[in-house]
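Working notes for the structure below.
The values are calculated or read from the model by the stated rules, or taken from the named source; none is laboratory data. Keep in mind it's a predicted model, so treat the numbers as computed, not measured. Neighbour counts run over all protein chains shown; Cβ positions are idealised from the backbone, glycine included.
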Amino acid sequence: MAKEAKTNAMRFLEKNKIAYTEETYDEKEFTDGVHSAEILGHDPDRSFKTLVAVGKSGEHYVFVIPVALEVDFKKAAKAVGEKNVELIHVNDLTKLTGYIRGGCSPLGMKKNFKTVIHSTCLDFEKIYISGGRVA
């Protein structure tokens, strides 16, 4: 089987000399992050999802939170100095970030957006995020 091409997230890590391990599984359709973590044998608390939102100002933001959590929009807005934020429509995700739903990485997006990472990531030496593709 041929090795898949590198994603922008992988290129970002390599450019910045950050070690990573690529893990994949046999599932081509996204379900949710908890399911993905379970398939890979990862603790969902150490597995993070990437959410892209837009503020009332029109600015876009990236939020990286544990896969089992739902975003608290009031806290998210406060963290970026907005009155409110809402998730972008899934149809806008690829155009804005270069990634698809279920394969959106906070690394290597088309543009650099203000990014807020959930504080629990500091509880771990190693965390899991999407590498830029589903499965």
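Out of all the residues in the stretch 40-53, is one or more farther than 16 Å from ILE117 by Cβ and polar (S, T, N, Q)?
No, the stretch 40-53 contains no residue that is farther than 16 Å from ILE117 by Cβ and polar (S, T, N, Q).
For the stretch 94-123, enumerate the residues that are among the aliphatic types (A, V, I, L, M) and closer than 21 Å to ALA68 by Cα.
ILE100, LEU107, VAL116, ILE117, LEU122
In the stretch 103-121, which residues are surrounded by 13 or more Cβ atoms within 10 Å (Cβ to Cβ) and either out of contact with any helix residue (DSSP H, G or I) (no Cβ under 9 Å at 6 or more places or on another chain) or over 22 Å from SER47 (Cβ atoms) (or both)?
GLY103, LYS114, THR115, ILE117, HIS118
State which residue pairs qualify: first residue touching a residue at least 60 places away in the same chain (Cβ under 8 Å) and inside the stretch 107-124, second residue surrounded by 13 or more Cβ atoms within 10 Å (Cβ to Cβ) and of a type in the set (Asp, Glu) in any location, beta carbons under 7 Å apart, and separation of 6 or more residues or different chains.
Final answer for the pair search is THR120/ASP45.
Among the numbered conditions (1) under 20 Å from GLU23 (Cα atoms); (2) in contact with a strand residue (DSSP E or B) (Cβ under 7 Å, 6 or more places away or on another chain), tell me where GLY102 comes up short.
Answer for GLY102: the failing condition is (2).
Determine, yes or no, whether VAL62 is hydrophobic (A, V, I, L, M, F, W, C) and surrounded by 15 or more Cβ atoms within 10 Å (Cβ to Cβ).
For VAL62, the condition - hydrophobic (A, V, I, L, M, F, W, C) and surrounded by 15 or more Cβ atoms within 10 Å (Cβ to Cβ) - is met.
Scan the stretch 81-102 for residues that are part of a loop (DSSP other than H, G, I, E, B) and either surrounded by 19 or more Cβ atoms within 10 Å (Cβ to Cβ) or among the charged types (D, E, K, R) (or both) and jot them down.
Correct list: GLU82, LYS83, TYR99, ARG101, GLY102.
Consider ASP92 carefully, then state whether it is of a type in the set (Asp, Glu), more than 13 Å from TYR128 (Cβ to Cβ) and modelled with pLDDT under 95.
Considered against the rule, which asks whether it is of a type in the set (Asp, Glu), more than 13 Å from TYR128 (Cβ to Cβ) and modelled with pLDDT under 95, ASP92 comes out as no.
Spot the failing condition for VAL62; the list is (1) in contact (Cβ under 8 Å) with a residue 24 or more places away in the chain; (2) under 21 Å from ALA9 (Cα atoms); (3) outside any strand (DSSP E or B); (4) not small (Gly, Ala, Ser), and only one is missed.
Result: VAL62 passes all but (3).
In the stretch 35-59, which residue that is exposed (fewer than 15 other Cβ atoms within 10 Å of the Cβ) and under 19 Å from LEU87 (Cβ atoms) is nearest to the chain's Cα centre (by Cα)?
Looking at residues that are exposed (fewer than 15 other Cβ atoms within 10 Å of the Cβ) and under 19 Å from LEU87 (Cβ atoms), I get GLU59.
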